[in-house]
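The block underneath contains the structure these notes are about, expressed in structure tokens.
Read-outs throughout are calculated quantities, based only on the coordinates presented, and are distinct from any laboratory measurement. Everything numeric in this text was worked out from a predicted model, so none of it was measured. Using ideal geometry, Cβ is built from the backbone for each residue, glycine included, and neighbour counts are taken over all protein chains shown.
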């Protein structure tokens, strides 16, 4: 499905929304429900910001940002993963991104390149002439280095545990017990990220939970404090 393009007119009311153009072959899909968080967020945003607001483009899960613009994108809502492929066709993660991050092939310097939405995403297209900051480039380098180091763990269990801890460090919120993951990946997405099979991920998550290192329920995914302390400083 193509994304929804959204801008705000000065006289727009809460009860209406207008399409304001397109980028490439993108088209309106009407996929945001009346009471959905995405639409509520859009309406709130449209009322509070008028002339200087960014032109937000809405994407659905599994949509690709780079399919609708090869330049840079700034994420305003949701989660995105960037990846490339090995000569054998195996996916290689380049990074995981959320609100405030800027992504694009020009920063990743990878070919092939893909920026895939892991959730519903709102992003602004910055174009191919936007000059990204040194901080944006360094963050890409750091994420790639972290993920490369994790991928070289020989034992699959250790690799999975380190990756889950990395996600908790980057996208988790602190709780009394540890850090709760706010980014939700499927078993297949976890497997693709660390180069093992989905079946192995499912089995190892049960092992790690039985060992008391994580809690992996449908509604809550938590890495306990003692587990996070094993990697203190590794992802700083």
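Summary of values
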quantity	calculated
Added length on full extension, which subtracts the Cα-Cα distance from 0.36 nm per residue, residue 137 to residue 111	7.7 nm
Per-pair calculated FRET efficiency, R0 = 30 Å: residue 155 and residue 64 via Cβ, rounded to 0.05	0.35
Rounded, prolate or oblate (a/c below 1.5 giving rounded, otherwise prolate when a/b exceeds b/c) for segment 113-236 by Cα gyration tensor	prolate
Where labels lie 7 Å past Cα in the beta-carbon direction, separation of residue 219 and residue 188 in nm	2.7 nm
Segment residue 129-residue 52, length gained on full extension (0.36 nm per residue, minus Cα span)	25.7 nm
Least to most buried among 84, 227, 175 (fewest other Cβ within 10 Å first)	175, 84, 227
Inter-label distance, nm, simple model (7 Å from Cα along the C-beta direction), residue 119/residue 88	3.3 nm
